[in-house]
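Okay, so here's the structure we're looking at.
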Amino acid sequence: MTEAAAPSPPTATGRPAAMPGLPYFGGIARMRSDPIAYLGEASRKGPVVLLGRLGRRAFYQVNDPDLVRSVLTAPRADVGMTRTGDVLGALFGESVFTLQDEPWRKRRDELQPAFRTSHLPELFGSAAGEVGRTVARLDAIAAARGSVDFSAALLDLLQRMIVRMMFGVAVPETAEHLTRAFDHGLEYRQRRRWSPAGLPLWFPTPANRRFADGVARLDRSIAEIIEDHRAHPPERAGLLKMLMECRDEATGAGWSDDELLAEVKTTFVAGWLTTTTAATWLFDLLARHPGVTDRVVAEIDALPADRPLGYEDLHRLEYTEDTILEAMRLFPPGWLLSRRVRRPCTLGGLRLDAHAVLLVSPYALHRDPAHWRDPQRFDPDRFRDRTHGEAHKAAYLPFGYGPRVCIGRGVAMMELKTVAAILLRRFRLTLVDPAPATLQPVSFLRRAEPLVLDVAPR
Ligand code: HEM
């Protein structure tokens, strides 16, 4: 693995600090029951910390940003993805998210043009068009001075946004069905993630069968949408149309149906649940910090009021952008990144065996006082200098880092700014219950309780 310029050795003896626990499983049981607290504790123990072992796999947490950078940019022959071959592999198929090595490189190169900045105005048109329905619903609630489960409203809104951006048209019934199927798949992944006893997916247990049936149903539904799209291309170009236009540079051939299916499933989940999680925490924090909200609203109010929000307006929302970045610092939707060691190599002077799993916790890094001043404080001004604020670049990872960095980060920031600008321009939102929210670290860092807000007109 490419070593950082001057990595500090894990300990003076070249052995990592280890978390206490049962001799064999180490802290894996605690990792399953309360991962946030456990990884927070482990983050203070040293640059690389042995968390425990499951079978022949050792689990390490990498805490030092230089070493994090080494892991996330390591040569593919040394370090690979853990999601390949796991439940996520079966759920998404062979997509840019699950592939590795040359097939991943090729797919990422082919996909990149669809995510070009020049496509953002078109995607903005689709995304912004969906906010109207949410505004109408909130208008009715505001008129009665009522309250609403805002997290559910965001889940619905961001789902309609990604469906519209992807397909160019709304497909409401199917979307609801897809949601249930994905939820079941992600929940199954979560149950198996730290389980020492999980049988391989091909083993016909009732749970494995249910999972496989769910994936088969999901695939059939999405294949139907793609077919329909081919037969009746929508006027507005969505991401699907862009994906259909992807071509192999050497042969000029388009993607197979399976490849298209895998990318559509991946974009749907990667582009929906992540943004929903980020938006929920953003509105939670805004409701708790009226001073920050006032500044965001002042910035939004300074935009031309005589016409609907336009894509270009988003560039003027700098403080709003900093607020979104700060919300993702405190509550990164992708709270845990993981990689697998593929062949023996060293990290910060520590020898790693093949199969070792390296975990990086954006949640712990984002709150580490070594990299952030007053890290528990919600302070969007720390991002004011338009680079990554005060921290080491690899200590701020809401979208990952290195070659596997999120391909949709431009789309995500556009969506989040759009939702914030349209909703905050129109409504005053206050928390019904100011008690601290409970973290639910599943596939994404969700808020366990619904975010209930009082809604009033501004
Ligand atoms: C706030 C919203 C989002 C967050 C926090 C987020 C976060 C991330 C993170 C942390 C990774 C890297 C995972 C790793 O290194 O293991 C990632 C990868 C990815 N994201 Fe996002 N994402 C967001 C929105 C989106 C959107 C809107 C899309 C597509 C429309 C998208 C598509 C992807 C894909 C395809 C990958 C895999 C890239 C690869 O492996 O080459 N994401 N995302």
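I'd like the distance separating the alpha-carbon centroids of the range 124-144 and the range 47-103, in whole Å.
40 Å
About its Cα centre, how strong a charge dipole does the range 267-353 have in debye, to the nearest 20, once Lys and Arg get +1 and Asp and Glu get -1 at the Cβ?
960 debye
HN-Hα J couplings of the range 247-262 from phi, Karplus 6.51/-1.76/1.60, θ = phi - 60°, integer Hz, Gly and Pro as x?
Per residue, the Karplus-derived 3J(HN,Hα) values read 10, 5, 4, 6, 9, x, 6, x, 6, 6, 4, 5, 5, 5, 4, 4 Hz.
Are there any trypsin sites (Lys or Arg not before Pro) in the range 314-390 that are in a DSSP loop and have at most 15 other Cβ atoms within 10 Å? List them by number.
Hits after loop and neighbour filter: R373, R377, R384, R386.
About its Cα centre, what dipole magnitude does the range 312-458 give when the only charges are +1 on Lys and Arg Cβ and -1 on Asp and Glu Cβ, stated in debye to the nearest 20?
It works out to roughly 560 debye.
Residue by residue through the range 445-457, what is 3J(HN,Hα) from phi via Karplus (6.51 cos²θ - 1.76 cosθ + 1.60, θ = phi - 60°)? Round to whole Hz and write x for glycine and proline.
7, 7, 8, 5, 8, x, 8, 9, 10, 6, 10, 9, x
Using +1 at the Cβ of each Lys and Arg and -1 at the Cβ of each Asp and Glu in the chain, identify which of S95, F283, P121 lies farthest towards the dipole's positive end.
Of S95, F283, P121, it is S95.
Once amide H atoms are built 1.01 Å from N in the peptide plane, which residues 5 or more positions from E449, or in another chain, come under 5 Å H to H?
Amide H neighbours of E449: T438.
Arrange the peptides 99-108, 70-79, 319-328 so that the one whose residues have, on average, the most other Cβ atoms within 10 Å appears first.
319-328, 70-79, 99-108
Taking a quarter of the surface of the Cα convex hull of the chain, what do you get in nm²?
Projected over every direction and averaged, the Cα hull of the chain covers 22.8 nm².
Across every pair of different alpha-carbon atoms, what Kirkwood hydrodynamic radius in Å does the range 402-443 reach?
This gives a value of 13.7 Å.
Using the Cα centre as the reference, give the magnitude of the dipole from point charges on the C-beta atoms of the chain (Lys, Arg: +1; Asp, Glu: -1; all else neutral), rounded to the nearest 20 debye.
So the dipole magnitude of the chain works out to roughly 1440 debye.
Taking θ as phi - 60°, what are the ³J(HN,Hα) couplings along the range 425-434 by the Karplus curve (6.51, -1.76, 1.60), each to the nearest whole Hz, with x for Gly and Pro?
Residue by residue, the range 425-434 yields 5, 10, 10, 9, 10, 10, 6, 7, 10, x Hz.
Only the coordinates and a few stated rules stand behind these numbers; no lab work does. In this text, all values refer to a predicted model and were calculated from it rather than measured experimentally. In this analysis, Cβ positions are derived from the backbone assuming ideal geometry, glycine residues included, and neighbour counts consider all displayed protein chains.
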